[in-house]
Amino acid sequence: MALPETVLFDAEICSSLDTLVETYGRAEFIGAEIEIWVFDGRSRREAARETLKQAGVSASVRSAYKPLVHALIEEIDLDGTDDILICYPVVEGLAPNRFLLEAYPANEHIGGDRIRFEPADPEDGSRLLNYQVSYRNSDGCQQTIKIAAPGCFRQDHVDCRVFASSGWVRVRLPHSKTYARDEAFHADQAQAFDRVMAILVAQEWSVQEPHFDRLDMCIEAPFYDQPLAFANECISTAEAMHEDLYFSALEVFKKKRGLPLDDRTIMPGQLVPQITSGNGPLRVRVSVTQDPGTRDPGLDMSRPAEEPAGLDRIDHWLKPGRIKAELDALGGVRFEARSQRGRPVWGTFIDNPGPGLVITAGQHANETSGPIGALRAAKQLATERKIGFAVAPLVNPDGYAVFRELCATYPHHMNHAARFTASGCDLEYVGRGYENEAHYTAREMTRANLHLNLHGYPAHEWTRPFSGYVPRGAEIWTIPKGFFLILRYRPGWRKQGEAVLNAMIDALADYPPIIDLNREQMQRSRRYDSISAFEVRSHVPYFLEERDDPLFPMTIITEAPDETIYGEEFVICHTAQMKAVLAAAEANRRIADLV
């Protein structure tokens with residue numbers, strides 16, 4: 001049965017590239033030189049250049065998104081060169097490394113450690129910015145190339161002044177030494193993004209939250225994914241649009257409530273970008289559904305043929321049915337909460353002597369190594385029978401249903417729309433009830449002082465091109481930096497918390513695959529970013545935070561770079577999750593007499 005749906009907006013937007021080709025392909029521009037920067041993929045840009053060439057126009061059509069990396073892929077051959085220096089733009093009022101981050105992963109693309117980065121003199125951002133690439137070629141000659149980085153200041157959807165990626169066009173007419181046109185323009189994908197934001201801003205939403213069951217923000221455009229030849233990196237305008245739509249929509253609802261942009265209590269309802277690739281006009285559609293029940297059962301009990309029997313070799317995220325089957329096999333006293341959509345939140349309590357422990361995973365449902373790590377650790381703890389513990393491996397089943405839905409189209413994307421509950425709020429901030437009841441039940445059954453909360457974060461670069469490029473409020477997550485830990489403790493509990501944290505670090509340090517991953521990712525991160533917010537010991541980043549949590553005196557959060565990975569790296573991540581939990585459980589047992 002079709003769900004009740006209200007369409008708020010449905011319209012087409014002309015392709016900027018098609019419009020520019022039509023405009024400058026006319027006879028009056030024969031002999032002109034045209035430079036265009038748009039968000040289309042390489043094949044469309046090459047086709048446009050060829051069409052203009054046939055019309056007698058000398059044209060270059062380049063990418064407005066990550067222009068330096070695209071230039072290194074498409075135009076600049078640095079094989080056989082050395083002493084490579086890239087001066088990146090710096091704009092007054094922006095983070096100094098804004099364009100250094102957009103240069104990621106230039107060094108890794110050309111291979112080795114061959115690039116030095118230096119900041120250029122600050123500019124005001126009113127003209128076309130440039131990277132300057134200098135190198136010595138195989139003949140020993142020094143070469144310098146400028147690579148444009150189009151962008152402009154604008155007021156965004158929450159009235160913040162941001163420097164956004166933008167289209168740009170330069171036109172030099174025949175026999176002219178100056179440009180007849182040299183300016184940023186509002187490209188089609190930016191227009192599509194703005195249309196969605198404008199609808200959300202203008203709409204009169206109900207006073208009561210959530211405002212809707214689900215808000216779908218659908219954009220069809222010439223999006224593309226271009227995998228890079230290392231790690232999990234991929235230049236993806238589809239993913240960039242998803243991320244910008246999702247987090248910008250959250251910001252709009254915060255602004256309309258008069259809340260700060262870092263607020264985490266907002267509950268608008270489920271926000272779901274639907275990104276589709278197509279070659280015709282861009283299509284933008286915004287709709288809401290009102291459905292108090294469950295959109296889909298989320299209880300697929302099948303075990304796909306590709307899933308090995310043992311959890312230790314699972315190389316991809318699990319279906320809910322497999323999670324439930326593994327939890328059932330643990331035995332113990334079962335407990336259950338219900339999500340906002342009515343899906344079950346499963347847990348079990350193993351009643352052994354010794355200090356209690358609570359293990360949860362799946363709070364952010366697109367972070368997928370935690371549930372397997374939790375189940376693997378729980379299986380071993382249940383066998384050893386040294387401590388009593390409760391485990392709830394999937395505490396956000398509504399988000400997980402959206403995750404599985406999004407993975408059907410983009411299995412390797414971060415898919416952050418699956419991050420929060422059906423209310424549109426982070427589970428940690430919703431108070432008691434619905435999914436969060438599982439935490440309260442687990443605490444009451446175990447009387448635990450320690451909560452192990454297994455998380456993940458993006459396994460590749462995270463960007464928001466139309467809102468300043470670097471994710472607002474999440475700058476430290478832009479580039480992966482390995483598996484790390486966060487200790488939160490109540491006043492008076494730091495000593496015990498650090499003892500557990502140190503045991504977890506020692507266990508991770510004894511697991512070479514995760515240390516190799518950490519070394520590699522931290523080395524890359526340091527080239528473009530800073531991990532100064534973290535302490536690092538034994539190649540494991542961590543930080544401490546005093547917080548008066550109402551449930552647990554100590555919470556240790558694991559952060560695996562697992563959004564969304566598969567294969568051996570996924571196995572490494574959930575093995576690290578398991579090892580961290582087991583080390584914490586043993587350390588918590590040893591320090592019980594300190595309380």
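Side notes on the structure shown:
- 222 nm mean residue ellipticity, helices alone, for the chain (DSSP H n ≥ 4; -39,500 (n - 2.57); rounded to 500): -9500 deg cm²/dmol
- In this structure segment 37-118 gives 38 Å² per residue of accessible area when probed at 1.4 Å with all protein chains present.
- Shape of segment 1-147 from the C-alpha gyration tensor: oblate (a/c of 1.5 or more and a/b not above b/c, with a ≥ b ≥ c the square roots of its eigenvalues).
- Here the spin labels are modelled as points 7 Å beyond Cα on the Cα-Cβ line, and at GLU46 and THR144 they lie 3.2 nm apart.
- Working ranking of peptides 415-425, 490-500 by packing, defined as the average number of other Cβ atoms within 10 Å per residue, highest first, is 415-425, 490-500.
- Loop-located chymotrypsin sites (Phe, Trp or Tyr not before Pro) in segment 186-260 whose Cβ has at most 14 other Cβ within 10 Å (DSSP): PHE230
- Distance from the Cα centroid of segment 198-231 to that of segment 104-177 is 29 Å (rounded to whole angstrom).
- Viscosity 0.692 mPa s, 37 °C: Kirkwood-radius Stokes-Einstein D of the chain over Cα pairs, µm²/s: 128
- Solvent accessible area, Å² - ILE30, 1.4 Å probe, full protein context: 100
- Only the Cβ atoms of Lys and Arg (+1) and of Asp and Glu (-1) were treated as charged; on that basis the dipole of the chain about its Cα centre amounts to roughly 920 debye.
- Percent accessible area from carbon and sulfur atoms, the chain, protein chains only, probe 1.4 Å: 48
- Annotation: peptides 115-121, 404-410, 536-542, ranked by per-residue average of other Cβ atoms within 10 Å with the highest first, follow the order 536-542, 404-410, 115-121.
The values are calculated or read from the model by the stated rules, or taken from the named source; none is laboratory data. Predicted, not measured: the structure shown is a model, and the values here were computed from it. Glycine gets a Cβ as well: all are built from the backbone with ideal geometry, and neighbour counts include every protein chain shown. Keep in mind that these areas ignore ligands, DNA and RNA; they rest on the heavy atoms of the full protein, side chains included. Shrake-Rupley method; radii C 1.70, N 1.55, O 1.52, S 1.80 Å.
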